[in-house]
Structures are given as structure tokens and as C-alpha cells.
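Colleague: Provided herewith is a single structure, encoded as C-alpha cells, for subsequent inquiry.
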């Protein structure tokens with residue numbers, strides 16, 4: 001594996017042979033011709049880009065209409081949907097502003113400068129001093145470095161995100177490694193690429209096209225006979241279960257107790273919780289013996305029944321219940337969007353029953369849990385504290401105390417957070433968390449929410465240290481992955497098919513160097529399989545060794561092992 005970055009390059013051996021040398025200093029030079037996969041990729045891109053441009057032209061011709069663009073100072077600018085771009089708006093103000101703008105933000109979403117606006121919107125023009133603009137700049141720079149690395153080394157690009165004040169790129173090299181002698185040639189090629197003034201183009205591909213292309217990964221699919229419910233194939237199921245097992249291990253460390261609850265409840269439960277009055281249209285309900293039942297869309301009412309099934313003592317608090325139960329929500333067919341909006345899903349759902357004075361410590365623990373999980377994925381995140389709305393239930397004093405504890409927890413957590421006054425739920429304040437993916441989009445997956453009302457609705461009590469048996473607990477709703485389905489959708493795009501080893505459904509590919517090694521390669525595969533690795537072996541007699549290795553590279557296997565007879569003596573029979 002080789003790695004190049006703006007501060008230098010780390011050398012990691014990726015094979016036995018040295019790479020091609022340059023002229024005088026022993027550094028590598030640009031490959032002639034380029035690796036075959038570059039042109040193959042360009043062919044796919046150009047085909048999809050032509051379709052995208054035709055679709056954009058059709059929208060501009062049919063759907064364009066006058067729109068209003070609101071700038072940060074409140075001024076409004078006239079524009080045309082599907083035609084006017086942020087760059088044109090900036091140039092209309094001043095050419096200097098346009099030249100110094102790195103990226104735009106439209107309705108709080110990062111937006112390319114040459115991407116047409118689609119509707120009435122707010123527009124911010126971000127210069128390099130903005131953190132998001134810097135991330136975009138470094139991300140674009142990483143792509144230039146990536147192109148140079150492909151043209152010099154011919155390997156497979158792996159992961160190359162922007163980092164603070166720079167960027168880097170990992171690359172798998174079948175042979176050789178990265179040498180400091182290569183840096184000058186890489187830098188000169190990067191400069192050459194920049195002089196070519198290649199454009200960064202946004203390509204929007206239809207859901208149907210992506211699903212067709214995505215079949216090659218064999219992770220999941222949807223079927224019209226169960227709309228909104230995903231079929232996870234073996235490789236997708238592996239990722240799904242690895243995510244759940246990851247959270248399950250964290251639960252054991254952090255004092256959560258996993259429970260299993262029913263999928264079907266009498267509607268009386270939902271009437272008690274208040275969901276029937278406000279959410280019944282989004283529930284799958286049916287009649288059983290003249291009673292109305294429904295599939296659960298959330299776990300909290302069931303957890304309230306578990307808390308209430310026997311008397312509780314203050315010594316049991318905080319009581320942390322975790323549940324991976326299947327949830328169903330009757331989303332309208334038009335609202336279904338791949339894995340991000342489904343009807344059947346699972347969450348890393350948990351509810352913490354605690355005393356009022358325990359809120360601060362529990363929130364700190366939830367935030368620490370959140371950071372450890374998101375760090376594992378390389379996500380950055382934003383925090384917002386949403387406080388008491390105009391229409392709320394409960395005592396003002398209780399709200400004030402809870403908000404104070406949430407604020408203290410956030411301050412001690414040490415990450416930036418923003419106050420959203422009046423944006424809390426009617427039943428309690430909350431912390432909203434948005435994660436940032438590989439292309440700068442934000443997604444809300446995690447939630448940390450206080451609830452004063454469900455304990456009242458279910459008349460939940462515990463015995464306090466002074467013997468009061470009517471003490472009311474507070475419920476903390478929390479999830480980190482959120483919907484496992486949605487998290488997989490984000491991770492698929494974030495990793496681009498290059499799964500980290502612990503999540504990868506294709507960890508090891510064993511390739512025999514020749515037909516005489518097939519039996520030995522199969523034995524190696526079985527040993528890795530029994531050790532817990534997701535392992536395959538390529539015994540296709542119609543493929544050469546190099547073709548098998550290339551196929552494994554394109555399939556993004558983490559490790560490719562060539563099995564040859566001289567290694568046989570070192571493998572236990």
C-alpha cells in the first residue's frame with residue numbers, strides 16, 4: 001500500500017519488485033500508455049455525462065421559471081431555475097467576488113458554483129476562509145493528486161479525504177512502493193494537470209441507473225412485491241450484522257442491557273403513548289379478533305411496559321435498555337428513496353430511564369459513545385441544542401433544569417455546538433446530530449432526546465432513597481447509527497465500495513498461481529474462513545493469474561493472496 005499526501009509520502013512495501021525508475025534521480029515517471037482502467041472508467045463516465053447533460057437541457061427548456069435568491073444580507077436577486085448558477089449570481093455582484101468564491105451553500109447544502117439553482121433559495125458564497133470551503137478545496141486537490149498517482153503508479157486508489165490543512169491519498173500497489181524520489185515527478189505532474197484546467201463536473205445519475213450499476217456489488221436489492229423493504233444479500237447482510245455487532249460490543253462496555261420486544265401491539269398501547277392520535281396513518285394496522293393491532297414504528301412504548309412490569313428502585317437507575325427490533329412505518333410510496341427512506345428497518349435504539357439529577361452524566365456518556373462510533377467511520381459531525389418550543393408540555397422549571405444539564409454536557413464534551421432556541425419537541429429538549437459524508441452532505445442519523453411525557457402517560461415511577469414510591473423517571477431516547485439501512489446507504493457512498501477490513505464483505509481473495517495449486521489455494525481459503533475472514537478463491541480456468549488479480553482489485557478485496565506450491569510446506573495440513 002502506498003500513501004501520498006501534501007506533507008510527503010509514507011513508504012509501505014506492496015510487493016517484491018521495484019517500480020519503474022525515472023531518468024536521473026531514480027523516481028518514477030508517467031506511465032505510457034496509461035493504465036487500461038482509466039479509459040474504461042472514462043467511457044462509463046462520458047456515457048452517463050451525456051445522459052445527464054441531455055436531462056439538464058430538457059429541464060432548462062421545460063421547467064425553467066423565475067425564482068428569488070436570498071443573500072445573507074437579506075437582499076433578493078432574480079434568477080431562473082435550472083439555468084442560473086451561483087457563479088453567475090456572484091459575478092452579477094462583482095467579478096472579484098466570483099473569482100474568490102470556492103463553493104456555494106444553497107439552503108444550507110454545499111452546492112457547486114456551476115450547478116444551476118432549482119427553486120427559490122437562500123445562497124451563501126463561501127471563500128477560502130470558510131471551513132466547508134477549505135474542505136471542498138482540499139477534496140478537489142486530492143482528486144488532482146489521485147489522477148497523478150494513477151498516471152505514475154497505475155495502482156488502485158483507495159481512500160483520500162481532505163484533512164485539516166491538507167489532503168492525502170492511499171493507493172494499493174501490486175508491486176513496489178512509494179519513494180521520496182517520486183515526489184518531484186508527482187508534483188510536476190500535478191502542476192501539469194492544473195495547467196490543463198480540467199473542470200470538476202457534477203454528474204447526477206438516476207436512481208434506476210445507479211441500482212442497475214450497483215447490482216455488481218451484490219449487497220442488496222428492492223422488489224416491487226415488497227416496496228420499501230430491502231432484501232439484503234449475503235454480502236450486504238454481513239455489513240448489516242457487523243454494524244449491529246459493533247454497537248452490541250459497545251453496549252456491553254457502556255452498561256446497556258439488550259432486550260427483545262414484540263413487533264405487534266394492540267392499538268391501546270399507542271393510544272396510551274399518544275402515537276395513535278398523531279401517527280396512526282403512518283402505522284400498519286389490522287384487525288385481530290375484533291381488536292385493532294399495529295406493527296410497531298418505534299420501541300419506546302414497549303420499553304415503558306418493560307420498565308413498568310414490576311416495582312423499580314432508585315438503585316436500578318440509570319436503566320439502559322437497548323433494542324434492535326424490526327420497525328415498520330407506512331411511508332407513502334412517493335416518499336420511498338432507496339435505503340434512506342424505507343418501510344422496514346432496524347435501529348440501534350436505546351432508552352435510558354434515569355433520575356433528573358442523572359441527566360447530565362448520561363448525556364455525557366451518550367456523546368462519548370457517539371464520538372467513538374463516528375470516529376471509527378471517519379465522520380465529522382455538527383451538534384445543535386434544541387430548546388423549549390412555544391407549545392410545550394410540563395413545568396418550565398423542569399425544562400430549564402434539563403436544558404441546563406444538556407448545555408453543561410455539551411460544553412464538557414468539547415465539540416462546537418449551536419443553540420436552536422424553541423426547536424425542541426413538545427415533550428422535551430434534544431440534541432440534534434448531523435454527520436458529514438464524503439461529498440460534504442449532512443445526514444441526521446443520531447439522536448439524543450429527553451422525554452418528560454411518556455413517563456407520565458405510562459405512570460412510570462420508582463422508589464427514591466427517601467422511600468417516595470411516586471418518583472417520576474426521565475427517559476432519554478438515543479440512537480447513533482439510527483436506521484441501519486440509512487447508515488449503510490451513507491457508508492456505501494462514503495467508502496465508494498472500498499470497505500474497511502472490519503466491515504468488508506470481501507476481505508481476502510486467494511489466487512492460485514497455476515492449476516496445480518488449485519487444491520492448495522482452496523485449503524488456504526478454508527483456513528482463512530475458519531479464522532473468521534470473508535474469503536473467496538478464484539479457480540476460474542479461463543483467467544490468467546494477472547486477470548484474476550485485476551478482477552480482485554476491481555472488486556475491492558482488502559487482501560489478495562497468491563498461492564503457490566513452494567508455500568505449501570508452511571501451511572498446516
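The values are calculated or read from the model by the stated rules, or taken from the named source; none is laboratory data. Keep in mind it's a predicted model, so treat the numbers as computed, not measured. Every residue, glycine among them, receives a Cβ derived from its backbone with ideal geometry; neighbour counts consider all protein chains shown.
Colleague: Evaluate region 205-219: report whether one residue or more is at pLDDT 85 or above and at negative phi.
Modeller: Yes, that holds for at least one residue.
Colleague: Something else about it: So which residues in region 126-140 are surrounded by 14 or more Cβ atoms within 10 Å (Cβ to Cβ) and under 24 Å from the mean Cα position of the chain (by Cα), if there are any at all?
Modeller: Of everything in region 126-140, those that are surrounded by 14 or more Cβ atoms within 10 Å (Cβ to Cβ) and under 24 Å from the mean Cα position of the chain (by Cα) turn out to be 130, 132, 133, 134, 135, 136, 137, 138, 139, 140.
Colleague: Any residue at all in region 346-365 that's in a loop (DSSP other than H, G, I, E, B) and either within 28 Å of the chain's Cα centre (by Cα) or free of Cβ contacts under 8 Å to residues at least 60 places away in the same chain (or both)? Reasoning before the result, please.
Modeller: Residues of region 346-365 that are in a loop (DSSP other than H, G, I, E, B), as a first pass: 348, 355.
Applying the additional criterion that residues be either within 28 Å of the chain's Cα centre (by Cα) or free of Cβ contacts under 8 Å to residues at least 60 places away in the same chain (or both) yields 348.
Checked region 346-365: at least one residue is in a loop (DSSP other than H, G, I, E, B) and either within 28 Å of the chain's Cα centre (by Cα) or free of Cβ contacts under 8 Å to residues at least 60 places away in the same chain (or both).
Colleague: Same structure, new question: For region 409-465, give me the residue count where each residue is without any contact (Cβ under 8 Å) to a residue 40 or more places away in the chain, under 25 Å from the mean Cα position of the chain (by Cα) and either assigned by TED's automatic domain parsing to the domain that holds residue 103 or on the phi > 0 side of the Ramachandran plot (or both).
Modeller: 1
Colleague: Let me spell it out: the conditions are (1) in contact with a strand residue (DSSP E or B) (Cβ under 7 Å, 6 or more places away or on another chain); (2) surrounded by 16 or more Cβ atoms within 10 Å (Cβ to Cβ), and residue 418 meets all of them except one. Which number is the exception?
Modeller: Among (1) in contact with a strand residue (DSSP E or B) (Cβ under 7 Å, 6 or more places away or on another chain); (2) surrounded by 16 or more Cβ atoms within 10 Å (Cβ to Cβ), residue 418 violates only (2).
Colleague: Among the numbered criteria (1) assigned to a strand (DSSP E or B); (2) in the same structural domain as residue 464 (by TED's automatic domain parsing), which single criterion is violated by residue 237?
Modeller: (1)
Colleague: Which strands (runs of 3 or more DSSP E) sit wholly inside region 467-573 and have at least 2 residues that are closer than 30 Å to residue 343 by Cβ and in contact with a helix residue (DSSP H, G or I) (Cβ under 6 Å, 6 or more places away or on another chain)?
Modeller: By residue number, 474-479.
For every residue, the table says whether it meets (1) within 30 Å of residue 417 (Cβ to Cβ); (2) in the same structural domain as residue 245 (by TED's automatic domain parsing); (3) surrounded by 14 or more Cβ atoms within 10 Å (Cβ to Cβ).
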site	(1), (2), (3)
290	no, no, no
314	no, yes, yes
323	yes, yes, yes
343	no, yes, yes
353	yes, yes, yes
364	yes, yes, yes
367	yes, yes, yes
372	yes, yes, no
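Colleague: Is there a residue being within 23 Å of residue 235 (Cα to Cα), in contact (Cβ under 8 Å) with a residue 40 or more places away in the chain and either in contact with a strand residue (DSSP E or B) (Cβ under 6 Å, 6 or more places away or on another chain) or not assigned by TED's automatic domain parsing to the domain that holds residue 555 (or both) anywhere in region 520-529? Write out each step before concluding.
Modeller: So in region 520-529, the residues within 23 Å of residue 235 (Cα to Cα) come out as 521-529.
Going one step further and asking which of them are in contact (Cβ under 8 Å) with a residue 40 or more places away in the chain, we end up with 521, 523-524, 527.
Within this subset, residues satisfying the condition of being either in contact with a strand residue (DSSP E or B) (Cβ under 6 Å, 6 or more places away or on another chain) or not assigned by TED's automatic domain parsing to the domain that holds residue 555 (or both) are 521, 524.
Yes: region 520-529 contains one or more residues that are within 23 Å of residue 235 (Cα to Cα), in contact (Cβ under 8 Å) with a residue 40 or more places away in the chain and either in contact with a strand residue (DSSP E or B) (Cβ under 6 Å, 6 or more places away or on another chain) or not assigned by TED's automatic domain parsing to the domain that holds residue 555 (or both).
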